[in-house]
Structures are given as structure tokens and as C-alpha cells.
Amino acid sequence: MLRKSLFKSIVMGVSFCAIASCTQPTMKYNWLSVEAPFPMDSIPECIFPTQDFSIVQYGAIEGGEVVNTEAIKAAVQACHEAGGGRVVVPAGQWLTGPIHLKSQVNLHLETGAVLCFTDNPEDYLPAVMTSWEGLECYNYSPLVYAIDCKNVAITGTGTLAPKMDTWKVWFKRPQTHLDALKNLYTQASTDVPVEQRQMAEGENHLRPHLIHLNRCRNVLLDGFKIRQSPFWTIHLYMCDGGIVRNLDVKAHGHNNDGIDLEMSRNFLVENCVFDQGDDAVVIKSGRNQDAWRLNTPCENIVIRHCDILKGHTLLGIGSEMSAGVRNIYMHHCTAADSVFRVFYAKTNHRRGGFIENIWMKNIKAGKMQRVVEVDTDVLYQWRNLVPTYKDSITRIQGLYIDSVECERTEAIYDLKGDACLPIQKVDIRNITVGEVTKFVKNVVNAEEVVEENLIYQMK
């Protein structure tokens, strides 16, 4: 009897301890209501548990000499296994290879913290599932990466600053790189399984993204700085729900978009400063057969109170947009210096998909080529690089541009639709331009174009 009672007590004690040790923090959310001219779900802002995992506790050494990849990996894993919290990067310079985030993990960059990423391509192997300009493949790991995660964040006022020596060499497009692109395009166009599209080989030179979050839910990017990037700077790919705010992005390398939202939905981008070598805010939805297979439109995106210092386009749609783009609203943003375009939608006869219900309002800008441009024949180097496997025209319907002021432009609006499927329903209202240098408007293959209250001076 004594032995049985003792055994029962031990079992109960072990059970109690197991229950206590396995009890993990409950994830909580703030729900943000976002105004938009279309139905918009509330956006969850994750409140991470108040437990910190300093990378120093896991062996990280400051100074920029020791590579801390494994120490940061250990901190991320510990945070994840504990039910979530912050992986803290203290002030100082910390050299690292790729950082792979996990669910419930907030990578927190304290004031004065600099994550300096190596530029040795071997550090970014093995290859991971990612994408290259709308085509899925296995490529070098992005510098910060997450896939199939829920509640993932990068916060704080520190800095992501990759070394760029190797990536700058890779900016060039030698024949080996172009051959790799042709190979990837052919594989995607002929339904070769993604796991067989191995691109991190030889001299393919497909540069990794700085931040690539793939198929994640409840994303938060808040407060930090970015200084340069090997490729696209922030890439949110097939993500559902999130907030991007208070970022300071400066990246003037080749293809350095500010932020690319691709086949993602229900996002707020606000109070960011973008200073980049390509487009600032870009809405995408995959390319051709890959996107048709995934069938995931990019939708319900609000961009507000952002400043673009340098770059090609304030708001770009495409050219990878084959799964469709709809319900996009940008308002109260500025492009004080020179940009090529305030709004630019671009596609071609291979893309298919749709662009619909796009809103832009209350924009102030400096000098540019076009205030509004839609071009349905944009193929860049792909025009002669690869064949057309299937013709598919993009449906474009419902563009609403209201209350834009700019200093000077070559033209106010330039709409170049496809004769097989003309652009439908474009409203351009309350545009004030200090000086127009070439022409006011050009409309080809576009119907139901409404123009109201254009104020300008011709040079």
C-alpha cells in the first residue's frame, strides 16, 4: 500500500511538473481597423510574450569578426520552443550568415545594433524554397527568411546591413546568368516540379533577397533600418495579414525595390521612408504558369503616410501579376525628389491575370516622367530571351487617381492598353502640375476614361 501510494504521488508530481513546464504563453493580438474604399478585414498585430532570448546568451560575439550564425539560430530555436518572445540583438556589430525565423519569434534589434550579413554565397546554402521574379525555385537562402510561420516579426531601431562586395559583382548579368534565367523560365513554363528547379549552382548568380517571408501569417516589421540589399529588399510572398511600419530603407543596388508584396493579402504599410534603386512599393502576384497554378491574388493592401526619397516608381503594379491584383489603396504619400512615375501598372501578353480596383489619393511629388502610366507591353530582357509558351492578356479595370500634386512631368497620363482587351474605367481627377514638358495625355485601347479638373502649365 505504501509503495502504491508513493508511486501515485510520484506520477501526480511528474504530471503536474509536465503540465507546468509545457504551459506556454498565449499569443494575443491587437486588431487594427484600416479605412479603405473596399471591404478590409481587421489586421492582427501580434503581442509577443514578454520573454527575451539574447543572442549573447547563446554564444554570439560582438565586433564584426566572428560569424554568429549558429548562436542566433540557437536563440531563435529556444525562443520558438518556449512559446515565443524576442530574440534580442544588443547594441554593437554582429556578423552573421542567414537568419531563419520561426513561429512566435520576434527578432528585436536594439538601438545601435547592426546585423552585418556575410557576402560569401556558400554561407547561404543549402538552398531553400524561394522565388526569383515571380518564378518559384530553390535558391540561395535570403538573408532573413521564414517559411510557413505564424506570428513572425522584426522590430527595434537597429539596422540590417549586408556586406555587398560579392553581390555587387553579381549585379552584372553575364551569359551564364541569362542562361540560368532561361532554364528557370522553361522549367516553370513546362510544369517542372519546384523542388527540381535548383538555381544555387555554378555561375547562375541569382542573388538572394534581404528579407523573404514565404507563406507566413501575422507578420510585423516595425522600426528598423535597412542599408543595402543583394536583391529585392523586403519580399512578402504568399503571406496573410501583417503590418509594415516605421521602416527606414536605403538600398541603391540593382533591383533594389523598397518592398514587394506578392500574392499576399490584408496588409498595412505605413510611416515608412524608402530610398531605393528601383520601385518603392510594388504589388505583384507571380509570373505566368507558376502564378496560374498557385491562383493567389494579391489583395487588400493599404499604403499610407510613406515618403519616397529616390526611386523609379511610387506605386508599381507588376510586371509579375499573373494571379491578379485587386483592392490596393495608397494615400497621403510623398515622392519629394525625382521619380519616373507616381503610378505605374505594367504587364504583357504572357501574364494573364487582372488588375482591378486600384486607388491612389492625396499624393505630393517632385519631378517625373509620368503621373499615371499603364503599359501592357513590358517584357524587359525577356522579350527576346525566352519564347512565349501561352498568350494570356491581362484584364485591367478600375483605376482611381485623385488629388495628386507634382512640380513637373513629361506627361500627366499615358494609357497603353491591349487591342484584344482594352483598359476599362479609369478615373483621373484633381491633378495639379506645375509644368508639363511633352504632352498631357495619351490614350490607346482604353475605354471609360474620365478626366476631371486637371490643372497644369505647358512648357
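Within region 359-373, being surrounded by 21 or more Cβ atoms within 10 Å (Cβ to Cβ) and in contact with a Lys or Arg (Cβ under 8 Å, 6 or more places away or on another chain) holds for 368, 370, 371, 372, 373.
Could you grab the pairs with beta carbons closer than 7 Å, sequence gap of 6+ or different chains, first residue in region 395-416 and on the phi > 0 side of the Ramachandran plot, second one buried (at least 17 other Cβ atoms within 10 Å of the Cβ) and β-branched (Val, Ile, Thr)? Short answer, once both residue conditions are applied: 398/358. Within region 267-294, the set of residues being crowded, with 23+ Cβ neighbours inside 10 Å, in a strand (DSSP E or B) and touching a residue at least 60 places away in the same chain (Cβ under 8 Å) comprises 267, 284, 286. Within region 183-196, the only residue that satisfies the criterion of being under 13 Å from residue 133 (Cβ atoms) and either charged (D, E, K, R) or in contact with a Cys (Cβ under 7 Å, 6 or more places away or on another chain) (or both) is 184. Farther than 23 Å from residue 188 by Cα and in contact with a Gly (Cβ under 8 Å, 6 or more places away or on another chain): which single residue out of 266, 255, 271 fits that description? Step by step, each of 266, 255, 271 is checked, and only 266 is farther than 23 Å from residue 188 by Cα and in contact with a Gly (Cβ under 8 Å, 6 or more places away or on another chain). Within region 177-210, the set of residues being under 30 Å from residue 225 (Cα atoms) and either in contact (Cβ under 8 Å) with a residue 60 or more places away in the chain or in contact with a Leu (Cβ under 7 Å, 6 or more places away or on another chain) (or both) comprises 199, 200, 206, 207, 208, 209, 210. What residue, of 409, 394, 376, 437, is over 16 Å from residue 353 (Cβ atoms), crowded, with 18+ Cβ neighbours inside 10 Å and modelled with pLDDT of 95 or more? Residue meeting the stated conditions: 409. The condition (being within 22 Å of residue 385 (Cβ to Cβ) and out of contact with any His (no Cβ under 7 Å at 6 or more places or on another chain)) is satisfied by just one residue among 180, 153: 180. Is it the case that some residue within region 217-234 is under 22 Å from residue 318 (Cα atoms), surrounded by fewer than 23 Cβ atoms within 10 Å (Cβ to Cβ) and of a type outside the set (A, V, I, L, M)? Scanning region 217-234, I find no residue that is under 22 Å from residue 318 (Cα atoms), surrounded by fewer than 23 Cβ atoms within 10 Å (Cβ to Cβ) and of a type outside the set (A, V, I, L, M), so the answer is no. The set of residues in region 332-343 that are aliphatic (A, V, I, L, M) and assigned to a loop (DSSP other than H, G, I, E, B) comprises 336, 339.
What pairs can you find where one residue is in region 315-341 and on the phi > 0 side of the Ramachandran plot and crowded, with 22+ Cβ neighbours inside 10 Å, the other is modelled with pLDDT under 95 and part of a loop (DSSP other than H, G, I, E, B), and their Cβ atoms are less than 8 Å apart, with a gap of 6+ or different chains? Within 8 Å, the pairs are 318/378. Within the span defined as region 168-176, every residue fails to be touching a Gly at 6+ places or on another chain (Cβ under 9 Å), of a type outside the set (Ser, Thr, Tyr), touching a residue at least 12 places away in the same chain (Cβ under 8 Å) and surrounded by 20 or more Cβ atoms within 10 Å (Cβ to Cβ).
Annotation note: Cβ proximity below 9 Å between a residue of region 427-452 that is under 14 Å from residue 361 (Cβ atoms) and a residue that is surrounded by fewer than 15 Cβ atoms within 10 Å (Cβ to Cβ) and aliphatic (A, V, I, L, M) (sequence gap 6+ or interchain) occurs for 427/450; 428/450; 429/450; 430/455; 431/455; 432/455.
At least 3 residues that are surrounded by fewer than 16 Cβ atoms within 10 Å (Cβ to Cβ) in each: list the strands (runs of 3 or more DSSP E) lying fully within region 36-138 that qualify. Result: empty, no element qualifies.
Considering only residues that are touching a Phe, Trp or Tyr at 6+ places or on another chain (Cβ under 6 Å) and closer than 16 Å to residue 294 by Cα, look in region 168-216 and name the one that is modelled with the highest pLDDT. Ranking the candidates gives 214 first. Within the set 209, 254, the sole residue that is part of a loop (DSSP other than H, G, I, E, B) and surrounded by 19 or more Cβ atoms within 10 Å (Cβ to Cβ) turns out to be 209.
The values are calculated or read from the model by the stated rules, or taken from the named source; none is laboratory data. In this text, all values refer to a predicted model and were calculated from it rather than measured experimentally. Cβ coordinates were reconstructed from backbone atoms using ideal geometry, including for glycine residues, and neighbour counts include every protein chain displayed.
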